[in-house]
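Have a look at the structure below before the remarks.
The values are calculated or read from the model by the stated rules, or taken from the named source; none is laboratory data. None of the values given here were measured: they were computed from a predicted structure. Positions of Cβ are backbone-derived with ideal geometry, glycine not excepted, and every protein chain shown enters the neighbour counts.
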Amino acid sequence: MLTLENKFANIHVDARKQFSITERESEELLMTKKNPEKKSKKSFQDYLEFRVLLLNNGIKNLKEFAEFMGYRPASVSEKFSGNRKWKLEDLMYMSDKFKVPIDELVKLLKVVS
């Protein structure tokens, strides 16, 4: 019988394959889930919703997203992990390009001041 943790692990592996999430990104998300005191406040579901938004706009992975935003991949990773903050200019740019309201991006990215 599968435990809830095993079911989550299976879903997690399937999502990693479907959304091209790297092992490191995957581990960061799991650590955030297991350690709520960590800086990042986004949920796995929010992260997947953002990845779907990227895929719908032709951006297949975070490396392409970093290029799209004009950042190094490591900088984008730090923003997703909560070690760096998203700039208002970043949100405005994404809102304009993705045709999504800024407040929706704030929700998905869990932007906190």
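Before moving on, here are some points about what is shown:
- The set of residues in the stretch 60-77 that are under 20 Å from L48 (Cβ atoms) and surrounded by 14 or more Cβ atoms within 10 Å (Cβ to Cβ) comprises N61, L62, K63, E64, F65, A66, F68, M69, P73, V76, S77.
- Looking only at the stretch 81-113, and only at residues there that are without any contact (Cβ under 8 Å) to a residue 40 or more places away in the chain and not in a helix (DSSP H, G or I), the one that is farthest from F65 (Cα to Cα): S113
- Taken over the stretch 54-75, residues that are at pLDDT below 90 and either within 12 Å of L109 (Cβ to Cβ) or of a type in the set (F, W, Y) (or both) amount to 0.
- With respect to the conditions (1) assigned to a loop (DSSP other than H, G, I, E, B); (2) modelled with pLDDT of 80 or more, K39 falls short on a single one, namely (2).
- Taken together, the criteria exclude D90 from residues that are at negative phi and surrounded by fewer than 15 Cβ atoms within 10 Å (Cβ to Cβ).
- Within the stretch 43-59, the set of residues being assigned to a helix (DSSP H, G or I) and buried (at least 16 other Cβ atoms within 10 Å of the Cβ) comprises F44, Y47, L48, F50, R51, L53, L54.
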